[in-house]
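The values are calculated or read from the model by the stated rules, or taken from the named source; none is laboratory data. Every value quoted in this text rests on a predicted model; they were computed, and no experiment measured them. Reconstructed Cβ throughout: ideal geometry from the backbone, glycine too, with neighbour counts over all protein chains shown.
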Amino acid sequence: MKKLVFVVLLSCFTSLAWAQDKPYEYPIVNPYEATVVGTPDLYKAPLPEKIRVETLDMTVFGDRVVPEVFWYWDTFRYSLAYQRSKAPLIFIVAGTGAGYNAANMILLQKVFFKAGFHVINLSSPTYGNFIVNASTTQVPGNIVDDARDLYRVMELVWYQVKERIDVSEFYLTGYSLGGAQSAFIAKLDDEKHVFNFKKVFLINPPVSLYTSVSILDTMLAENLPGGPDHFNEFFDAMMQKFSKLYKKMGAVDFNGDFLYDVYKVEPLDEDILKALIGLSFRLSSSNMIFTSDVVTNSGYVVPKNLVLTTPDSTTDYFKVCARTSFVDYFNQMFYPYFQGRESGVTKQGLIAGVSLTSIEDYLRRTKKIWLVTNEDDLILAPGEVDYLREVFGSRAKIYPNGGHCGNMLYKENVDYMIDFFKG
Amino acid sequence: MKAAKGFLLLLVGMVAFGCASAPTRKGTIEPAERPVSEFVKPDVKYVIDAYDPLESINRRIYKFNALFDKYIYLPVVSAYEFVTPVPVQEMVSNFFNNLHEVRSLVNSVLQLKGGKACITGTRMFVNTTLGIGGLFDAATGIGIPKQNEDFGQTLGFYGLGPGAYIVLPIFGPSSVRDTGGLVFDLATYDLMVNEIIQSGLDLNRGEESVLTWGSTILDAIDTRHQQSFRYYETGSPFEYELIRALYLRSREILVQN
């Protein structure tokens, strides 16, 4: 015990000293730029080129029929990176609209694989493949339900891989919406005890899902020059701009630091950056809304009882979805669905239920959940950073800049995260 | 070559017309809560709009391509990558890229773009000599960047619009104009390669045909090996629209440059 106290004290002092001696050097100070550009290669934690990873699939619900139009989501897919010897197993939950194989997910998988863990990447419950194959309600967004679905998937996945890998203990992490879901999963696990997660790490989670999606919706609505009817002109202008810069910069690698190179040559205006972030979110939510609408036959965007197949055009539905905000979805499809399922459901109740505030007592009490976010995370409303700091106390690490997940793969962030799991 | 074309036509026919009838759902069709009639404005130009009169066939071919990729093309490419050492893979890519630069050369000339033609000519010369028959891309190393011109762009340069969007079997996104361009470029390439094989090398007919077929197949494998695109990795149910828009816009920009 004494030794433990000593180690804790020592690490406190060293981290204090560290904080004072070394300023945070993630290079992008504008939160919108950070969110769009991410971490330039030079500042990224060094990662292996290739790792031992396999894409696996399974059936979650035996009686579920996948509509022909989603034939490519015929089965639930996830990926496993595995060690040859005994090691901890970490699950990573993707952010809004992201799959197990999204770029950030692949990088995070490498981070943890390099640290010596088995790693299982799971798609977000807002991602098409998950909605079609693994969601109970197929109406995503209710964190309590989505966490339960994720937990079921984890159990099945574990059942599928446990003969192959030697696991010492279980960890859990997730970024953005996946971070918030991880907190709910940890709480569920404390009741079910299937994994007994030893450590859980939340990366840039929303405090209130509703607030965060409202912020992102507004970012698009307020920053598209001339409004959504003029998106075509905006898109053309962006394409021309990129093409000009591309020429100006000569040979650049599109896969690597293209956006960072652009940013160095000619930083984009803040309203354009905001529009781009809003757009990326709108594309995710369009994908989600359309998929959910088709599989539930809700008649929200696609006429009720109409069966779509491969040759059918979806272009018009895409146009409608692109004009549908997440808040529209919440009010017009999500809320009526849960109203129909349980009596006495109110909108305020639903909004509160998909917030970290609804499990605040648990978050204060538990010692295994740590959190990292940024002072300038743009999905957080004023006061929410302070809220997180207050609830998580010493388990919260708040960086001064990095936007929303922009610094997630910055060396210092990665080191901190790995130290947490290994410490 | 004829056999291959016949096989291809058969496959396309199967995909385009031989599909099972659409499944039905009980109940009458009711208008959506957010109907297209209300939310899609006829006077607005959308990014994902395209002249795509063959959309239903194109979508079937897109699906065929995804299946072909998954069950035939990618497994073959993976096997190739497994048995071939990485440096050899790179040499193969350099070799074919060098041969295919004849496309940029011819089309730069056709568009009277002297600078691009010179750069490409120099690249081919440097890579064929210094790069040992094209196995090494020496030109990029000494700062002579690769150009990208094709006959579709040449036609565009002289004012021809893309026409209808077309998804070609195996080749993927294209347009009427670019399909014509592709045929021209492939013919030019064939002409050059046949010339090299027939007059440059001392082979009998049997050897010639083996070499022609072998190089065509290896070229096809290497082409896929060099592309990182994977079907449905966008995670979007609107991938068809996204790819279509991106293809048409990027071609427009390439024509301008």
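Within the stretch A:274-292, take every residue that is more than 8 Å from every other protein chain (Cβ to nearest Cβ) and not hydrophobic (A, V, I, L, M, F, W, C) and give me the one that is nearest to A:GLN138 (Cα to Cα). Of everything passing the filter in the stretch A:274-292, A:SER292 is nearest to A:GLN138 (Cα to Cα). Screening the candidates A:PHE201, A:PHE197, A:PHE231 for the property of being assigned to a helix (DSSP H, G or I) and not small (Gly, Ala, Ser) yields one hit, A:PHE231. Of all residues in the stretch B:30-41, those that are within 16 Å of A:PRO228 (Cα to Cα) have Cβ atoms under 6 Å from Cβ atoms of residues that are in a loop (DSSP other than H, G, I, E, B), 6 or more apart or on another chain, in B:PHE39/A:ARG323. You will find that of A:ASP312, A:ASP316, A:ASP376, the residue that is within 14 Å of chain B (Cβ to nearest Cβ), part of a loop (DSSP other than H, G, I, E, B), modelled with pLDDT of 95 or more and over 19 Å from A:THR173 (Cβ atoms) is A:ASP312 and no other.
Taking the condition more than 14 Å from chain A (Cβ to nearest Cβ) and out of contact with any Leu (no Cβ under 9 Å at 6 or more places or on another chain), does B:LEU135 pass? Yes: the conditions hold for B:LEU135.
Counting residues that are within 18 Å of B:GLN256 (Cβ to Cβ), which helices (runs of 4 or more DSSP H) fully inside the stretch B:92-169 reach at least 1? Steps first, answer last, please.
Working: elements: B:114-129, B:138-141, B:151-157.
Counting at least 1 such residues, we get B:114-129, B:151-157.
Among the residues making up the stretch A:102-119, a single one is over 12 Å from the mean Cα position of the chain (by Cα) and within 13 Å of chain B (Cβ to nearest Cβ): A:ILE106. Testing A:TYR300 on (1) of a type in the set (Phe, Trp, Tyr); (2) modelled with pLDDT of 90 or more; (3) not in a loop (DSSP other than H, G, I, E, B), one condition comes back false. Which one is that? Only one criterion in (1) of a type in the set (Phe, Trp, Tyr); (2) modelled with pLDDT of 90 or more; (3) not in a loop (DSSP other than H, G, I, E, B) is unmet by A:TYR300, namely (3).
The residues on offer are A:ALA147, A:ALA98, and the sole one that is part of a helix (DSSP H, G or I), closer than 25 Å to A:TYR337 by Cα and among the small types (Gly, Ala, Ser) is A:ALA147.
Yes/no matrix, rows are residues, columns are (1) more than 14 Å from chain A (Cβ to nearest Cβ); (2) surrounded by 14 or more Cβ atoms within 10 Å (Cβ to Cβ); (3) not in a helix (DSSP H, G or I):
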{"site": "B:ASP185", "(1), (2), (3)": "yes, yes, no"}
{"site": "B:ASP202", "(1), (2), (3)": "yes, no, yes"}
{"site": "B:LEU211", "(1), (2), (3)": "yes, yes, no"}
{"site": "B:ASP219", "(1), (2), (3)": "yes, yes, no"}
{"site": "B:ALA245", "(1), (2), (3)": "no, yes, no"}
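Look at the stretch A:323-337: where a residue is within 10 Å of another protein chain (Cβ to nearest Cβ) and a partner is basic (Lys, Arg), sitting 6+ places away or on another chain with Cβ atoms under 7 Å, you get A:THR324/B:ARG34. Screening A:ILE289, A:ILE277 for residues that are in contact with a helix residue (DSSP H, G or I) (Cβ under 7 Å, 6 or more places away or on another chain) and within 23 Å of B:TYR232 (Cβ to Cβ) leaves exactly one candidate, A:ILE289.
Please find, within the stretch A:192-220, the residue that is farthest from A:THR96 (Cα to Cα) out of those that are over 18 Å from the mean Cα position of the chain (by Cα) and of a type in the set (S, T, N, Q). Across the stretch A:192-220, the extreme among qualifying residues is A:ASN196. Here A:ILE92, A:ILE51 are screened, and the one residue that is of a type in the set (Val, Ile, Thr) and crowded, with 24+ Cβ neighbours inside 10 Å is A:ILE92. Just checking, does the stretch B:80-88 include any residue being part of a helix (DSSP H, G or I), modelled with pLDDT of 95 or more and within 19 Å of B:ILE142 (Cβ to Cβ)? For the stretch B:80-88, residues part of a helix (DSSP H, G or I), modelled with pLDDT of 95 or more and within 19 Å of B:ILE142 (Cβ to Cβ): absent. Of the numbered criteria (1) surrounded by 11 or more Cβ atoms within 10 Å (Cβ to Cβ); (2) modelled with pLDDT of 95 or more; (3) within 14 Å of another protein chain (Cβ to nearest Cβ), the one B:TYR71 fails is (1).
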